[in-house]
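Okay, structure first, notes after.
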């Protein structure tokens, strides 16, 4: 039985990375797809674990070969998800989660309509700015730019299947887990998974 594909998107600073990492740690039967990116690695990031860090030239070659399920340019850097890696995991029955932006989510929905998408909101603009500053990764100009872009990103929330507000982290995580569980217990999946049981119950 094939695995399910999940998409999680949010404006920068809303906490999607922390939520996805906690989800993957908590749920042994779901894996995070590792994206390719042209941006430099941040402190503590590991190539092949957090991202595959590649040059713009390497990225462009892969893009030209149609290697990406989705790709986008965000804050002057390119990001892309390997189609081959994702589909191999899905075919093996593994659930895969993509942590991408709304542009990438749009492409994935077009290329793989059976995906389930979740958009994460911050509780307020003030909280979003505080989180961006708290990360200590960006200078004032970058933070200002991220805040300007956040409104446009948030405007795409209506394109997603589920909406979660990350105010209390534990509550938001439990809601994300609930979305995963709801997908896994959908009729389409359970009908196939419980076929032997259904056969005996209806005999």
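How many of the residues in region 2-34 are outside any helix (DSSP H, G or I), crowded, with 21+ Cβ neighbours inside 10 Å and under 11 Å from the mean Cα position of the chain (by Cα)?
Number satisfying all stated conditions: 6.
Out of 51, 79, which single residue is crowded, with 19+ Cβ neighbours inside 10 Å and within 27 Å of residue 148 (Cβ to Cβ)?
79
Confirm whether residue 127 is in contact (Cβ under 8 Å) with a residue 24 or more places away in the chain and within 24 Å of residue 159 (Cα to Cα).
Numbers: in contact (Cβ under 8 Å) with a residue 24 or more places away in the chain: yes; within 24 Å of residue 159 (Cα to Cα): yes.
The answer is yes for residue 127.
Over 26 Å from residue 84 (Cα atoms) and at pLDDT 95 or above: does that describe residue 121? Let's see the steps before the verdict.
On the way: over 26 Å from residue 84 (Cα atoms): yes; at pLDDT 95 or above: yes.
Against the criterion (over 26 Å from residue 84 (Cα atoms) and at pLDDT 95 or above), residue 121 qualifies.
Residue-wise test of (1) buried (at least 16 other Cβ atoms within 10 Å of the Cβ); (2) touching a helix residue (DSSP H, G or I) at 6+ places or on another chain (Cβ under 7 Å).
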site	(1), (2)
63	no, no
69	yes, yes
72	yes, yes
88	no, no
112	yes, no
118	yes, yes
130	no, no
147	yes, yes
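Got a number for residues in region 35-48 being assigned to a strand (DSSP E or B), exposed (fewer than 12 other Cβ atoms within 10 Å of the Cβ) and touching a residue at least 24 places away in the same chain (Cβ under 8 Å)?
Initial filter on region 35-48 (assigned to a strand (DSSP E or B)): 36-37, 47.
With exposed (fewer than 12 other Cβ atoms within 10 Å of the Cβ) added as a condition, the list becomes 47.
After this cut, where a residue has to be touching a residue at least 24 places away in the same chain (Cβ under 8 Å) as well, the list is none.
Residues that pass the stated criteria total 0.
If you check residue 118 against the conditions, is it closer than 17 Å to residue 13 by Cα and in contact (Cβ under 8 Å) with a residue 24 or more places away in the chain? Give the steps one after another, and end with the answer.
Values: closer than 17 Å to residue 13 by Cα: yes; in contact (Cβ under 8 Å) with a residue 24 or more places away in the chain: yes.
When the stated conditions are applied, residue 118 passes them.
Could you say whether any residue in region 180-203 is under 18 Å from the mean Cα position of the chain (by Cα) and free of Cβ contacts under 8 Å to residues at least 24 places away in the same chain? I'd like the intermediate steps shown before the answer.
So in region 180-203, the residues under 18 Å from the mean Cα position of the chain (by Cα) come out as 180-184.
This time we only want the ones that are free of Cβ contacts under 8 Å to residues at least 24 places away in the same chain, so: 181-182.
Looking through region 180-203, at least one residue is under 18 Å from the mean Cα position of the chain (by Cα) and free of Cβ contacts under 8 Å to residues at least 24 places away in the same chain.
Please give the number of the condition residue 167 fails out of (1) surrounded by 16 or more Cβ atoms within 10 Å (Cβ to Cβ); (2) touching a residue at least 12 places away in the same chain (Cβ under 8 Å); (3) farther than 18 Å from residue 2 by Cβ.
So the condition that residue 167 fails would be (1).
The values are calculated or read from the model by the stated rules, or taken from the named source; none is laboratory data. Just so it is clear, the model here is predicted, and its values are computed rather than measured. So basically every Cβ, Gly included, is an ideal-geometry build from the backbone, and we count neighbours across all protein chains shown.
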